[in-house]
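Each reported figure results from applying straightforward, stated rules to the coordinates on display, with no laboratory input. None of the values given here were measured: they were computed from a predicted structure. Using ideal geometry, Cβ is built from the backbone for each residue, glycine included, and neighbour counts are taken over all protein chains shown.
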Amino acid sequence: MFTGIVETLGRVRGITRVSGARRLTIEARLPTLSLGESIAVNGVCLTVSRKGRGSFQAEVSPESVRRTALDGLRVGSKVNLERALRADGRLGGHIVQGHVDGVGKVVRIEPEANAWMYTFEAPAAVARYLVEKGSVAVDGVSLTVAGLRGRRFKVAIIPHTASNTTLGDREPGEPVNLEADVLAKYVEKLAGVAGRARRRKTSPSRARRGPAGKRR
């Protein structure tokens with residue numbers, strides 16, 4: 001589990017394509033990184049498969065290539081990095097699983113006083129879970145929905161976030177990984193189950209019929 005608070009920026013130093021999958025080599029200042037641990041790369045939960053001096057490798061499965069924007073990375077690309085949350089750590093953002101729900105895109109970036117207002121467009125499957133003042137992870141960054149209209153939503157990006165994540169380098173039209181708040185998905189699932197149970201309970205029961213078709 002992650003929190004959407006980016007720990008550091010890394011840089012892609014190598015990409016190997018293997019039968020629809022990818023192997024990423026990422027340069028990063030994470031001296032305590034352990035082999036086999038989870039790490040979020042632009043919001044995608046990956047596993048450290050090899051360590052080097054000042055770098056690590058991670059495998060990207062074909063499913064992750066299809067469902068995320070990681071396939072758009074190039075050698076030299078910056079990436080947001082966050083290690084998994086420790087049990088005694090602070091939940092500074094919100095609950096982020098590192099399981100990307102869909103790929104959205106940057107629509108517009110507008111300066112606003114000491115910040116920038118970013119407008120993103122989300123796939124319908126993600127937009128259904130967005131609520132104003134709710135949480136959303138964009139490329140692994142925990143953000144608050146400041147405005148919502150249809151499939152488009154706005155978030156405010158302060159200078160610190162712009163300087164310490166990849167969002168400061170984003171341009172309109174570029175793809176981004178989106179993960180909706182997992183709590184919204186569980187609420188939808190449970191509400192649907194409860195609704196079906198209520199309908200079954202309140203629907204008129206069919207009268208029992210005897211062998212001759214007469215009502216008993």
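Helix 182-202 axis versus longest C-alpha principal axis of the chain: approximately 0°, rounded to the nearest ten. Taking label points 7 Å from Cα along the Cα-to-Cβ direction, GLU110 and ASN164 give a separation of 2.8 nm. Pairs of lysines in the chain whose Cα atoms sit within less than 24 Å of one another amount to 11, provided the residues are eight or more positions apart or on different chains.
The average projected area of region 102-199, computed from the convex hull of its Cα atoms over all directions, is 6.5 nm².
Across all C-alpha atoms in region 8-83, the radius of gyration and Dmax reach 11.1, 31 Å. Volume per residue of the convex hull around the Cα atoms, evaluated for region 45-129, comes out as 183 Å³. Please grab the % of Cα pairs in the chain that end up more than 24 Å from each other. More than 24 Å apart: 48 percent of the Cα pairs in the chain.
Listing THR16, THR68, THR166, THR32 from fewest to most neighbouring C-beta atoms within 10 Å gives THR32, THR16, THR166, THR68.
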